[in-house]
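The structure under discussion appears below in the form of structure tokens.
The values are calculated or read from the model by the stated rules, or taken from the named source; none is laboratory data. Only a predicted model underlies this, so the values are computations on that prediction, with no experimental measurement involved. In this analysis, Cβ positions are derived from the backbone assuming ideal geometry, glycine residues included, and neighbour counts consider all displayed protein chains. Surface accessibility is based on the protein's heavy atoms, side chains included, excluding ligands, DNA and RNA. Shrake-Rupley method; radii C 1.70, N 1.55, O 1.52, S 1.80 Å.
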Amino acid sequence: MTLAEIRKQFPILEQQVNGKPLIYFDNGATAQKPLAVIHSIDDYYQKYNSNIHRGVHHLSQLATNRYEESRDILQKFVNARKNYEIIFTAGTTGGINLVASSFGKKFLDKGDEVIISAMEHHSNIVPWQMICEERGANLRVIPINDKGELIYEEYIKLLSHRTKLVAITHISNTMGTINPVRKMIVNAHEIGAKVLIDAAQSVPHMKLDVQELDCDFLVFSAHKMFGPTGVGVLYGKEELLNEMPPYQGGGDMIKEVTFEKTTYNCLPHKFEAGTPNIAGGIATAEAVKFMNEVGFDFIEHQEHELLTYATKRLSEIEGVRIIGTSSNKASVISFVVAGTHPFDVGTLLDQMGIAVRTGHHCTQPLMNFFGIPGTIRASFAFYNTKEEVDVFIAAIKKAIMMLS
Ligand code: PMP
């Protein structure tokens with residue numbers, strides 16, 4: 001597919017906003033959906049809407065087959081050993097809360113430690129604070145340097161026999177820093193700790209292989225990888241998931257219920273209580289197929305071009321300071337403009353048809369580290385173009401003039 005053909009698959013990109021062609025640079029918050037995903041949701045509700053797993057009737061079987069096929073496609077997508085190592089969740093936040101609660105209850109005791117980093121999204125901070133408080137465990141934080149990179153020696157110093165889990169983002173949603181997760185996993189395993197990778201920002205940009213990474217858990221959201229909202233995936237190693245208690249009780253997660261005792265279902269159902277987002281789960285497979293069709297070579301190349309070009313052009317503007325200057329970055333650029341508030345710049349860009357995100361990006365501790373209230377963040381997807389970057393640069397220059 002050419003870039004023009006790819007863009008045709010995203011009808012939302014064709015519209016005008018405030019009288020200007022829409023430029024969508026807020027992919028880090030949520031990505032747009034290709035027709036295949038939109039049609040899949042429509043198809044489900046028009047043709048085979050039905051509850052899964054328990055029905056003997058035709059529609060229920062159709063829906064169950066499609067939902068379980070989607071699990072198989074996701075298994076291949078991240079190269080899990082077994083399809084039941086793929087647990088459907090409501091998203092990255094849902095997956096982290098599941099692991100924090102379930103792993104925490106089983107494996108965290110007084111004095112144990114969980115390690116996170118200074119660049120985590122709130123959803124990879126707060127669930128750990130909550131479970132640490134409940135279990136009497138302690139949260140330790142890997143510091144970062146001024147470029148927005150982890151200080152690796154400090155990570156090594158934090159690892160000890162008390163460390164039970166390292167929960168780390170693969171790519172910073174605010175700065176785009178790509179963390180050396182493969183190496184971090186090796187070091188954590190050396191002292192017997194488990195590792196959870198927050199892959200919310202990496203799945204849309206690079207091919208992941210959980211066996212090669214050897215992570216114990218990996219979580220992501222469908223909506224950031226061109227799928228629907230309200231669906232996500234938790235990958236976990238079979239033996240660990242088997243040892244962990246259920247997270248929520250309800251339908252589908254049980255084998256047998258009496259008032260005296262309940263026995264739990266096997267994986268993956270043990271962790272999937274209640275009726276899930278069926279249409280969303282099925283459409284997620286379409287998002288995966290679409291990304292595979294576009295191809296990760298194309299995705300990585302296109303995004304690298306956009307990042308390099310936009311970084312160069314932005315750096316040339318007086319008063320612009322880029323937040324997060326690691327040499328290993330994904331297609332996210334955060335910046336501040338001297339003498340302006342990010343919100344004001346974002347509002348002016350919106351008037352020119354450009355969607356960016358402004359604020360703390362759910363990373364308040366990171367904002368405190370840099371001593372700023374927030375940033376303006378442009379985050380690219382493979383359907384964005386250099387021409388859009390040119391318009392964006394001109395719009396920033398205009399916004400600066402208007403605000404000075
Ligand atoms: N982690 C990271 C790195 C993220 O970027 C996000 C979304 N901004 C999340 C977690 C939370 O994802 P969700 O809101 O889809 O659960």
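Assorted remarks:
- Nearest 10 degrees, 0 to 90: helix 92-107 Cα axis against the chain principal axis: 40
- The stretch 155-168 - phi-based ³J(HN,Hα) in whole Hz, Karplus 6.51/-1.76/1.60, Gly and Pro as x: 4, 4, 5, 6, 5, 8, 5, 7, 6, 9, 8, 10, 10, 9
- Fully extended contour minus Cα-Cα distance, from Met401 to Arg54, at 0.36 nm per residue: 118.7 nm
- Solvent-accessible heavy-atom area per residue, rounded to whole Å², over the chain at 1.4 Å: 42
- Gyration tensor (alpha-carbon) shape descriptor, the stretch 38-292, a/c threshold 1.5: oblate
- Reachable lysines, given that their alpha-carbon falls under 16 Å from the alpha-carbon of Lys33 and they are not under 8 places away in the same chain: Lys8, Lys224, Lys289
- Stretching the chain fully between Glu256 and Asp209 yields a gain of 13.4 nm (0.36 nm per residue, less the alpha carbon separation).
- Under 14 Å from Lys270, Cα to Cα: aspartates and glutamates that are on another chain or at least 8 residues apart: Glu85, Glu238, Glu239, Glu243, Asp252, Glu256
- Under 19 Å from Lys110, Cα to Cα: lysines that are on another chain or at least 8 residues apart: Lys164, Lys194
- Magnitude of the charge dipole for the stretch 145-244, about its Cα centre and with charges confined to Cβ atoms of Lys, Arg (+1) and Asp, Glu (-1), is about 180 debye.
- Accessible area (Å², 1.4 Å probe, nearest 10) - His121: 50
- Highest average packing first - 258-271, 380-393, 189-202, Cβ atoms within 10 Å: 189-202, 380-393, 258-271
- For the chain, a crude dipole built from +1 on the beta carbon of Lys and Arg and -1 on the beta carbon of Asp and Glu, taken about the Cα centre, is about 260 debye to the nearest 20.
- Segment Ala29-Asp390, extension gain: residue separation times 0.36 nm, minus the distance between their alpha carbons: 127.8 nm
- Solvent-accessible area, 1.4 Å probe, carbon plus sulfur percent, for the stretch 38-292: 51
- Local electrostatic count at His53 - Lys and Arg +1, Asp and Glu -1, tallied over other residues with Cβ under 10 Å: -2
- Calculated [θ] (222 nm, deg cm²/dmol) that DSSP helices of n ≥ 4 give over the chain, each run adding -39,500 (n - 2.57): -12000 deg cm²/dmol
- Rounded, prolate or oblate (a/c below 1.5 giving rounded, otherwise prolate when a/b exceeds b/c) for the stretch 106-159 by Cα gyration tensor: oblate
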